[in-house]
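Below is one structure, written out as structure tokens; the observations come after it.
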Amino acid sequence: MSLPVVALVGRPNVGKSTIFNKLVKQKLSIIEDTPGVTRDRIYSDVVYKDYKFNIIDTGGIDAEKIAFNDEIKMQASIAIDEADVVLFIVDAKEGITSNDYIVRDMLKKSNKQVIVVINKIDSKQAKEHIYDFYELGFDEFVEVSGEQGSGFIELCDAIISKFENRKYTEKEDNRLKFSVI
């Protein structure tokens, strides 16, 4: 049985890479305030409770016609296709933007299980925008602070609830391994 796959998608600078790094417990994704730093898909594994799953970080989906945006959107589309569950990362500080609606439309067409992850809830502006995200039309929402690390137990519980008892057990690999040099 293959491991479940979880993809992180959203517009630029909502904290996808920060959340990815927190979930994998190491700094694999580069974190910058500059949009477009993450362009390709970045993969890793997460182990939580009795579950193990693959996770994919993607670049920010942006409708603006500038270099690499079409390629980033294509990479995010591939990640959505691979995923069993999609984490739609939004920014509570800024509220909903036109790019959030573009991501929403992509996810609605995909028919994937979606959890809206409202990031940056540790800011004062967050409380003003939290309920705006219900306008996106999804059923499940989890509030987190990627930077502070709050809300991650609730997030992981929400993720594994989508796996239909696909628990992970470490099996010894008895396959013959060799290398030709």
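Just a few scattered comments:
- Per-residue accessible area (protein heavy atoms, 1.4 Å probe) orders 74, 106 as 74, 106, starting from the largest.
- Computed accessible area, residue 101, all protein chains, 1.4 angstrom probe, square angstrom: 70
- With 32 Å as the limit on Cα-Cα distance, the pairs of 52/124; 73/177; 16/49; 52/177 that go past it are 52/124; 73/177.
- Separation of the residue 71 and residue 25 label points, Cα + 7 Å toward Cβ, nm: 3.4
- Going by accessible surface with a 1.4 Å probe and the largest first, 109, 49, 22 read 109, 49, 22.
- When the square roots of the Cα gyration tensor eigenvalues are ordered a ≥ b ≥ c, the ratio a/c for segment 41-158 is 1.5 or more and a/b does not exceed b/c, which makes its shape oblate.
The values are calculated or read from the model by the stated rules, or taken from the named source; none is laboratory data. All values reported here derive from a predicted model rather than from experimental measurement. All Cβ positions, glycine included, derive from the backbone under ideal geometry; neighbour counts span all protein chains shown. Please note that ligands, DNA and RNA were not included when accessible areas were found on the heavy atoms of the full protein model with its side chains. Shrake-Rupley method; radii C 1.70, N 1.55, O 1.52, S 1.80 Å.
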